[in-house]
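Student: A single structure is presented below for examination.
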Amino acid sequence: MLRHIARLFTLFLALTTLPLAAGEDKAATVLVTGANRGIGLELARQLHSQGYAVIGTARKPAQASELQALDVRVEQLDVTDAASVAALAATLAEVPIDILVNNAGVGGQRVNQLAEIDFEQMAWTFEVNTYGPLRVTQALLPNLQAGEKKTVVQISSVMGSIAQNRGGYYSYRASKTALNQLNKSLSIELGRQGFTCVALHPGWVKTRLGGAQAQLEVKESVAGLVQVIDGLEPADNGRFIDFQGEEIPW
Ligand SMILES: NC(=O)c1ccc[n+]([C@@H]2O[C@H](COP(=O)([O-])OP(=O)(O)OC[C@H]3O[C@@H](n4cnc5c(N)ncnc54)[C@H](OP(=O)(O)O)[C@@H]3O)[C@@H](O)[C@H]2O)c1
């Protein structure tokens, strides 16, 4: 009788603990900004289908029908609006976040000539692409500190690489270069707390920003990004890599 009870107990333990252990990684919470379309929407979709608890943000959640259809948590966020960022942090107080993906971004003014630069538009590009990710990371730091993975992913661009600059796109390039620099600083400060902060280039992707001529389908780029994000380790802290895990020169 005792042996029978012990066997039942062992079986109970196996049934209750094994699936938890196997799914441990996949229960992680990831927050993706700009998740209503493009790369952000596909990131939310693929991360959700892999078992992550996804929080997708949109400037206009009521209009984010494709994101809402994924059955993930949807929150309002405009990364340029301090009140919106503070409201998100208040709504998510006490919610541990394992991975923050700062994806929201704009292409900025597409001019190749110095004479054509509009400084208001340039400032706006920096507001979204550079200050936005830093503002969101600052506001959600307590959530990230409470998370297991302590990972911050900046969706950057090879266009931010000084070494590979072939001219043009003044605002966009500079906004992503500055984002890379901010990520490096974050990696040094937060690395001491066990954080992994990386800048990821998604490839040239067919989205509203990337245009129809782009090389990659969104699904293909995001499959790579998810694989890279899944495999991030503390040793990757501070790196600038692409969707295939290849190092990009600064
Ligand atoms: N596509 C490419 O080839 C490529 C290459 C390298 C890097 N990237 C980077 O990948 C990221 C995603 O770009 P994408 O190609 O998916 O572009 P996209 O289709 O144009 O999507 C941009 C996303 O950012 C959001 N967004 C813009 N301004 C925002 C703000 N102030 N606050 C919150 N969200 C805001 C947009 O929301 P709304 O719908 O409300 O505007 C949208 O969800 C960007 O950081 C971009 O720089 C893209």
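Student: Measuring with a 1.4 Å probe in the full set of protein chains, what accessible area per residue, in whole Å², belongs to segment 25-242?
Tutor: Working: 9980 Å² over 218 residues.
Per-residue accessible area for segment 25-242 comes out at 46 Å².
Student: Just 142, 133, 96 to compare: in a GNM of the chain, with alpha carbon springs under 10 Å, which one fluctuates most?
Tutor: 142
Student: In whole percent, what relative contact order does segment 141-210 give with Cα contacts below 8 Å and a gap of six or more residues?
Tutor: Working: 72 pairs, mean separation 28.1, N = 70.
Relative contact order, segment 141-210: 40 percent.
Student: So for segment 25-242, taking the charge dipole from beta-carbon charges (+1 Lys/Arg, -1 Asp/Glu), which of 83, 201, 143 sits furthest toward the positive end?
Tutor: Ranked along the dipole, the leading option is 201.
Student: Right, next: Rounded to the nearest percent, how much of the accessible area of the chain (1.4 Å probe, protein heavy atoms only) is carbon and sulfur?
Tutor: Of all accessible area on the chain, carbon and sulfur atoms account for 55 percent.
Student: Enter the Cα centre distance for the pair segment 104-121 and segment 194-236, rounded to the nearest angstrom.
Tutor: Distance between centres, Cα-based: 24 Å.
Student: Also, I was wondering about something else. Which whole-number percent is the relative contact order of the chain (Cα, under 8 Å, 6+ apart)?
Tutor: 16
Student: Quickly rank 238-248, 176-186 as a protection proxy: mean count of other C-beta atoms within 10 Å, highest first.
Tutor: Taking the mean over residues of other Cβ atoms within 10 Å, the ranking is 176-186, 238-248.
Student: On a full-extension model of 0.36 nm per residue, what is the gain between residue 119 and residue 213, subtracting their alpha-carbon distance, rounded to one decimal in nm?
Tutor: Here the segment from residue 119 to residue 213 would lengthen by 31.1 nm.
Student: Now a separate question. Going down the table (150/176; 60/149; 176/206; 150/206; 60/219), which pairs top 25 Å between alpha carbons?
Tutor: The pairs that break the limit, which is 25 Å between Cα atoms, are 60/149; 150/206.
Student: Grab the alpha carbons of the chain, take their convex hull, and tell me the volume per residue in Å³.
Tutor: Convex hull of Cα atoms, per residue: 150 Å³.
Student: For residue 196, list long-range residues whose amide hydrogen, built 1.01 Å from N in the peptide plane, is under 5 Å from its own amide hydrogen.
Tutor: Amide H neighbours of residue 196: 151, 152.
Student: How much accessible surface does residue 73 have with a 1.4 Å probe, in Å² rounded to 10?
Tutor: 100
Student: Of 41, 114, which has the most accessible area with a 1.4 Å probe, and how do the rest follow in descending order?
Tutor: Largest accessible area first, the list is 114, 41.
The values are calculated or read from the model by the stated rules, or taken from the named source; none is laboratory data. Computed from a predicted model, the values in this text were never measured in an experiment. Note: ideal-geometry Cβ built from the backbone for every residue, glycine included; neighbour counts use all protein chains shown. SASA here: full protein model, heavy atoms, side chains in, ligands and nucleic acids out. Shrake-Rupley method; radii C 1.70, N 1.55, O 1.52, S 1.80 Å.
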